[in-house]
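One structure below.
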Amino acid sequence: MSDRKISDYQFSDLGIEHSQYFQGFGTTFTPYEYAATGSGSNLREAIDDCLEQIASDGFDIATLERELAAEVCGELGIAPADLDAIPDDTGSVETYLMEHNAAEWTDENGDFDGKECELYYYVGIRWNETPNLDAMDDSDLDKLADDSSFPEALRDYATIKAHAMRARASGRINVALALENTCDSLYRKLADNLRW
């Protein structure tokens, strides 16, 4: 299991596209550091592929998988929230092809034959890695505290940690200790995916 955590993410259902014309998915002009694209013959396969890519980059996807299941299954009206509960025909390339041009995609028996098909269902996930705030200096903590793309709990921790570091550097040890105790308390209250 990896120790790299995902602090926040954005899921994008990109739909069905031809592999030659898929325009990609990235982080340009977004507040996110990382992006992955998944593809498959339906929505569930595309999500599984995307999560596999994120995990292979060394990220812990357990929390992301739970939150994504709740988001996607909620939109589809599926209970319980489990990605495996998404039906195979949800976003199915086969269903799409049969609805739009069945004659081209069936064999002599009338069965689907998509061997030559280059259409795939695509999804994308952008995310940020949870930073190790205890490894940052006070100026980096100040920058993070001012960055609204980070969760409020991390920004609060960064603000207090930066004040604690400056108090310690100026010799105000009792103030630094009190602020560090506050940081310890805040850390214990952080969600698992926000801890480093």
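The single condition among (1) at pLDDT below 95; (2) in a loop (DSSP other than H, G, I, E, B) that Gly26 does not satisfy is (1). In region 63-100, which residue that is touching a residue at least 60 places away in the same chain (Cβ under 8 Å) and more than 30 Å from Asp111 (Cβ to Cβ) is surrounded by the fewest Cβ atoms within 10 Å (Cβ to Cβ)? The residue in question is Glu71. Out of the residues in region 1-13 that are touching a helix residue (DSSP H, G or I) at 6+ places or on another chain (Cβ under 8 Å) and in a strand (DSSP E or B), state the one that is modelled with the lowest pLDDT. Once the filter is applied, the top-ranked residue is Ser7.
Among the residues making up region 140-184, those that are closer than 19 Å to Glu129 by Cβ and in a loop (DSSP other than H, G, I, E, B) are Asp147, Ser148, Ser149, Phe150, Pro151. Just give me the residues in region 140-184 being free of Cβ contacts under 8 Å to residues at least 12 places away in the same chain and under 16 Å from Trp196 (Cβ atoms), in sequence order. Within region 140-184, Asp140, Arg155, Asp184 meet the criteria.
The values are calculated or read from the model by the stated rules, or taken from the named source; none is laboratory data. Because the structure is predicted, anything quoted here is derived from the model rather than measured. Positions of Cβ are generated from backbone atoms using ideal geometry, with glycine treated the same way; all protein chains shown enter the neighbour counts.
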